[in-house]
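Some notes on the structure that comes next.
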Amino acid sequence: MALRDELLKSIWHAFTALDVDKSGKVSKSQLKVLSHNLCTVMKIPHDPVALEEHFKDDDEGPVSNQGYMPYLNKFILDKVKDNFDRQDFNKMCWTLCSRKNLEQSQLLISNDDAFKIWCIFNFLSEDRYPLNIVTEEIEYFLRKLTEAMGGSWVEERFEDYKLQLDSRQQCLNAWELITVVGSGHFSKGMDRQTLSMGINEVYQELILDVLKQGYMMKKGHKRKNWTERWFRLKLNSISYYVGEDLAEKKGNIFLDGNCTVEPLQDKEGKKCLFLIRSSLKTFEISASDKKKKQEWIQAIQTCVTLLRQSRPAPHREARQKRRELRLKQQAEQEELELRMRELQTANEAKQLELENMRKVRREQTNKRSPVNQSSQETSVPFCSILKCSGILSCFLVQQVRQQMEEQVAQKSTELEQYLQRVRELEDMYRQLEDALEDEKRARQDEEAVRKLQARLLEEEAMKRAELEQIHLRQQRAISETEAEKQELERERLAKESALHAAMTQLEHLEQERQGALEQYQTVIKKLEDATNNTKTWKHKVAEHEGLLRLIQPGSKGQKLITNWGPAAFSDAELSLREKKWQEMKNQATQAQ
């Protein structure tokens, strides 16, 4: 679809909303405001003089009789370039038309979700005004919305709705489509947040041309560090942001037909690596798992292939193919109806011609009857006169009758052949209708089988990913167990070595203890000998006290005085000696 056709659909909604009385006319003041807003949003220089010159007032009031489309084409659409924000343009048109047509209180979706459905309607609607979306495109949108919400498509529910739709009009306008989605008829069991997320995902794919998005790790070009980024893949670029809220954009990877993408081996502790080679730089990316890695590689390769072949995005190409197929089927249907009308007209003409021939035959028969009657009533005298003329008349009548019968037989044969041809054409028409119906059913069956295969492949891929994760966890557990086993073995060996060293040290200590014990016994023996010697010497000293005395450390207190000078003993020794002396005295007394 050309840029002009896309813009005209949104402008048509805005113009229709300004047409309050449905007359196809809008006041000049409103058209001025609409034109000024369009020029501002689409970054086109506004020329108010040209607007005044184009919209000259009629005698009846401020409604132009020249129409708005010539001015719109000449002064706005012919100057527009693809350098403005489409979303701002659509929001401006949405603001004008939603106030009049949208009843938000009856819907389960927000105003922003309704705006996104309105944009999707403009994308999928037919290029005929008033804008409508056909049954096939309704099913396409509802199916993608259900898949985006993570639900399963219920074919029977849509078939019932399709029967109701066919009984009414076989198509919907924008506000009816918003009501169908907002009423929750095709999102039963889903909460509002899930429905909003599904609408946003379909909107980003169909309107913003976002083919894939998600978190991945990117290697820096200067610091060579790995940072997590939110990537968004479009047909000709990959943008990456700090987060999925798109608040801070960090850069772009521009794609063209010369770009390449290739997988890489794991390195630097990063797994699931792949490389994007653009015309400017080379980017190293790390996905979260192998499935995501393969999906991103396949998506980028698809974009590069489309750019090499100068083809549009896949969803836009698929939409164009569906429209061409519908136009082809519609042309075939119109051609078939035209042929049937021609055959019906020819059949009516043949029937009329046959009726005229029958009428002429009846008139000739009626004319011949009076001639025969008059020839019978003729008198005998005239018989001989008219005999020759009668024979001649009968011969002529028979000849005319024979010619008429031959013509009638020929016409009857031609009519029979024509009727046979009509019947054959009717049979061919019925067979063609049956063939078209069979082809339609076959295509539906093929589509169902293809979707079933796609779902089975997706489930198989998910199972494979789960099995791979389980295998990785098992390998990780085995590695951890092996590491723990090796660690335990190292600890056991270390403990055995420590035990052996302790035993060796214990034996050494035992030997030292034995030596020390022997030394102790020797010292004890020496001590005992010394003690005995000391006792002996003490006894001798006690016997000769006052004469000899062992030199011992003296007390630092007051010293005693004897007859021979300062005493060499302390008070305690004196009391002890006095006690011993008293005992010896008592023993002597008892002996006496």
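The values are calculated or read from the model by the stated rules, or taken from the named source; none is laboratory data. These numbers come from a predicted model, not from an experiment. Glycine also receives a Cβ, built like all others from the backbone with ideal geometry; neighbour counts cover every protein chain displayed. When the accessible area is computed, the model is the full protein with side chains, heavy atoms only, and any ligands, DNA or RNA have been set aside. Shrake-Rupley method; radii C 1.70, N 1.55, O 1.52, S 1.80 Å.
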Check your understanding: Taking a 1.4 Å probe, which of Ile478, Ile138 shows the most accessible area, and what order do the others take after it?
Key -> Ile478, Ile138
Review point. Given Met217, Gln329, Ala299, which one lies farthest toward the positive end of the charge dipole of the stretch 196-330, if we put +1 on the Cβ of every Lys and Arg and -1 on the Cβ of every Asp and Glu?
Key: Gln329
Review point. Once phi is turned into ³J(HN,Hα) by the Karplus curve 6.51 cos²θ - 1.76 cosθ + 1.60 with θ = phi - 60°, what whole-Hz value does each residue of the stretch 480-491 show in order, with x for glycine and proline?
Key: 5, 4, 5, 5, 5, 4, 5, 5, 5, 5, 5, 5
Check your understanding: Under a 1.4 Å probe, what is the accessible area of the stretch 259-327 per residue, stated in Å²?
Key -> 56
Revision key, fill the gap. Convex hull around the C-alpha positions of the stretch 155-208: the volume in Å³ per residue is 99
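With a/c under 1.5 counting as rounded, go ahead and sort the stretch 451-498 into rounded, prolate or oblate using the C-alpha gyration tensor (a ≥ b ≥ c being the square roots of the eigenvalues; past the cut-off, prolate if a/b is larger than b/c, else oblate).
Note, shape of the stretch 451-498 comes out prolate.
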Check your understanding: Charges only on Cβ, +1 for Lys and Arg, -1 for Asp and Glu: so what's the dipole of the stretch 224-288 about the Cα centre, in debye to the nearest 20?
Key -> 120
Review point. How big is the accessible area of Arg341 in square angstrom, nearest 10, if you roll a 1.4 angstrom probe over the protein chains?
Key: 130
Exercise for review: Quote the accessible area belonging to Lys250 in square angstrom, nearest 10, computed with a 1.4 Å probe and with ligands, DNA and RNA left uncounted.
Suggested key: 90
Review point. In the stretch 235-344, carbon and sulfur make up what percent of the accessible area (probe 1.4 Å)?
Key: 48
Study note, to complete from the structure: Taking protein heavy atoms only, a 1.4 Å probe, and rounding to whole percent, the accessible area of the stretch 122-163 owed to carbon and sulfur comes out at 50
Check your understanding: Taking the Cα centre of the stretch 133-174 as origin and charging only Cβ (+1 Lys, Arg; -1 Asp, Glu), how large is the dipole, in debye to the nearest 20?
Key -> 160
Review point. Taking Cα centroids, how far is the stretch 275-301 from the stretch 145-200 in Å?
Key: 35
**Study point:** Integer Hz, Karplus 6.51/-1.76/1.60 couplings in order for the stretch 311-328, x for Gly and Pro
**Key:** 9, x, 5, x, 5, 6, 5, 5, 5, 5, 5, 5, 5, 4, 5, 5, 5, 5
Review point. Gly214's amide H: which non-local residues (gap 5+, or another chain) put their own amide H closer than 5 Å, with H modeled 1.01 Å from N in plane and none for Pro or chain starts?
Key: Phe231
Practice item. Between Lys249 and Arg128, with labels modelled 7 Å along Cα→Cβ, what's the label distance in nm to one decimal, could you check? Key: 4.0
Exercise for review: Sort Ser575, Ser288 from largest to smallest accessible area, using a 1.4 Å probe on the heavy atoms of the protein chains.
Suggested key: Ser288, Ser575
Revision key, fill the gap. Length gained if Lys74 through Tyr520 is fully extended, taking 0.36 nm per residue and subtracting the Cα-Cα distance, is 148.1 nm
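Can you work out the FRET efficiency for the pair Gln344 and Arg450, with r the C-beta to C-beta distance and R0 = 41 Å, to the nearest 0.05?
Once rounded, the FRET efficiency stands at 0.50.
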Check your understanding: What FRET efficiency, computed as 1/(1 + (r/R0)^6) with R0 = 30 Å and r the Cβ-Cβ distance, is obtained for Glu414 and Glu335, rounded to the nearest 0.05?
Key -> 0.70
**Study point:** Amide hydrogen neighbours beyond the local backbone of Gly251, cut-off 5 Å, H modeled
**Key:** Tyr240
Review point. What ³J(HN,Hα) values, in whole Hz, does the Karplus curve 6.51 cos²θ - 1.76 cosθ + 1.60 give for the stretch 11-24 when θ = phi - 60°, with x put for Gly and Pro?
Key: 5, 4, 4, 5, 5, 5, 5, 6, 7, 5, 8, 6, 9, x
